[in-house]
Structures are given as structure tokens and as C-alpha cells.
1. Enter the angle in degrees (range 0 to 90, nearest 10) between the Cα long axis of helix 287-302 and the first principal axis of the Cα atoms of the chain, meaning the one along which they spread out most.
2. Provide the gained length on full extension for the span Lys262 to Glu226, in nm with one decimal, where the gain is 0.36 nm per separating residue minus the Cα-Cα distance.
3. Which of the peptides 154-162, 218-226 is most tightly packed, and how do the rest follow, judged by the mean count of other Cβ atoms within 10 Å per residue?
4. With just the Cα atoms of the chain, tell me how far they stretch along each of the three principal axes, in Å, largest first.
5. Using 31 Å as the Cα-Cα cut-off, could you pick out the over-long pairs in Lys66/Lys142; Lys118/Lys231; Lys142/Lys296; Lys214/Lys286; Lys118/Lys206?
6. Take Asp34, Asp152, Asp73 and order them by how many other Cβ atoms sit within 10 Å, fewest up front.
7. To the nearest 10 degrees, how steep is helix 198-208 against the longest Cα principal axis of the chain, on a 0 to 90 scale?
8. Taking amide H positions as placed 1.01 Å from N in the peptide plane, with prolines and chain starts having none, which residues 5 or more places from Gly278, or on another chain, fall under 5 Å of its amide H?
Amino acid sequence: MERRHFLRQGALAGSAVVAGIHAKGMDRTILQADKPFHLSYATHDGMFANSAGPDFIDQIKYAYDKGFRAIEDNGMMERSPAEQQKIGDTLAKLGMRMGVFVITTDGWHWKLSLTTGKQEWKDKMMKDCRTAIEVAKRCNAKWATVVPGNTDRSLGHDFQTANVVDALRRGSEILEKGGVVMVLEPLSDNPDLFLRTSAQTFEVCKAVNSPSCKILYDIYHMQRNEGDIIKNIDRAWDEIGYIQIGDNPGRNEPTTGEINYKNIFKHLYEKGYQGILGMEHGISQKGKEGELALIKAYRESDDFA
């Protein structure tokens, strides 16, 4: 068979398959499965382990094939330099972006007690910021998560805020030189944590007054701590540098809880959000079926145009 005839017949056969799918009424989200999403959702190591295998590089490639264009990895600083570089090279080859990693060298970032004003914690943070710049270069990262630590019950709130601002200014001066942005994350996991709301974090970022100090607005945590998600995003917009996702209750993928992610994603898209949305959540179902259900949930929530 001549090549042009083969290609023509192949194209006709493909058209027939698509027509047959439409005729059977197959879910339109399956037809869109390999198209990029409207927004840049970032997957995590292990999220597609059942479909792509245990190797993170293979999972990144699988995520790309499914339309995702970013990853994030909280433990990036704990990986070897060679592994960091390999991940960065893979992302660059695929045209994907690296989201946040956590600024820490000991795995206990929430114990970084900048509220105390103690020099040992300032020194640790500045050391970690210098290390973070080198990590960011290898994996092509721009954002890194910082959690100031727990409340110091021996100090008043205003003194603690001043201590946090002072430490973050020092860290920001280092990160600015490396083109890295620390994103401060208010959390709901533990009532002892100092940062709790978007308004409080907004105040801290304004006081630090650095392009390398912004808010990480985690929708799951903020739904639990303050609610009124869309309005609070708008109120804090000038200082929001990064967004993360998780439905509530359960902290799983969109459509599994009470948060209307389709409305939120539409709002972010219409505001012109060009950043990354980290998928920092679990999966509500097990195995490959659960991973496919996760992709479908994002397709449904991203279908707002």
C-alpha cells in the first residue's frame, strides 16, 4: 500500500473511532484526557505510582501525558544533588515547571521557631535559604515553602510577629539574590502553629516587603481556618505567590468534599493567575482506578471555559 493511501485510511479510521465514541456517549472528559489543563496543577511523587510505577521520573512523564504541566516536591532538599538535577532536566525537556519544595535540611520545618527571636533559629533559616538556592538551580524551582514555626507562649503576639518579620527579612535578602521566592504557609494541622490565616500572613508579607516573601494560600487549610475562600483570595491577592489544593473534609482531590473547586478555578483563571496550583492532597480511591478518578475530577473541575 502506498504511504499516502495508508495515512489517509488511518485518518479515516481514526475519525470513525471518534465518531463511534461520540455515538456511544462516552464521557467527554476521556476525550480530553491528554490536553493541557487551563491551569497549571502540580502533581506529587507517588500520586501516579500505580499507573506509572515507583520511579518519580516515570510518574512525571505520565503526568505530562495526562495534561499536567507542573510538579511539586516537599522533600526536594532531602534528595541527592544528582536526583535533583535529573528531575530538573526532565522538567526542562518536557516544558514543565517545578513548584514548591520545603526549605528545610532536617525534615522538621514546622519546628522552625522564628517566633522566639533566638539567633540559633535565624542562623538555621539563613543557612537553609543558602542551600535552597543551590537546590532550586538544579531542579529549576522558583518557590520554596516556609513555615515560621510554633507560637511562643512566653511572648505576646506582637513581639512574635516582629521576630518573624525580622527573620524573614534576613532570609529574603538571601533568596532575592538567587531568584527564589519563599512562600509562607498558614496551616490548620496544629493549633500551636503561629501562622493561621491569610490576613495574618498578608500582614507579615507587607511588613517584610520583599519580592522573595509571599503567601502560599492552601485552600484546604484556609477552608478549615477561615472559609470565604474567593473573597479572601481577592483580599490577599497582591501577596499571594502560590496556591495549593485539597478538598475538605478528607484532604483529597476536588469533587470529594464541600469546596466548589470549579468556581474557584474559574475565578483564578479569569483573574489571570499564571502560577502553579499544588495538588497537596491524597486520593480518595485506591489503585489505578483511584488515579484515573483523580484525573477525571480535575478534568471536571477545570471544565469551566
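None of the figures in this text is laboratory data; all of them are computed from the coordinates on show. Here the structure is a predicted model, which means the values were calculated and not measured. We place every Cβ from the backbone using ideal geometry, glycine too, and count neighbours over all the protein chains shown.
1. 80 degrees
2. On the way: separation 36, 0.36 × 36 = 12.96 nm, distance 1.96 nm.
Between Lys262 and Glu226, full extension yields an extra 11.0 nm.
3. Numbers: 154-162: 13.7, 218-226: 21.1.
My ranking of the peptides, most packed first, is 218-226, 154-162.
4. 80, 42, 33
5. Numbers: Lys66/Lys142 24 Å; Lys118/Lys231 36 Å; Lys142/Lys296 29 Å; Lys214/Lys286 35 Å; Lys118/Lys206 22 Å.
Flagged as over cut-off: Lys118/Lys231; Lys214/Lys286.
6. Working: Asp34 10, Asp152 19, Asp73 24.
In order of increasing Cβ crowding within 10 Å: Asp34, Asp152, Asp73.
7. 60 degrees
8. Ala42, Ile243, Gln244, Ile245
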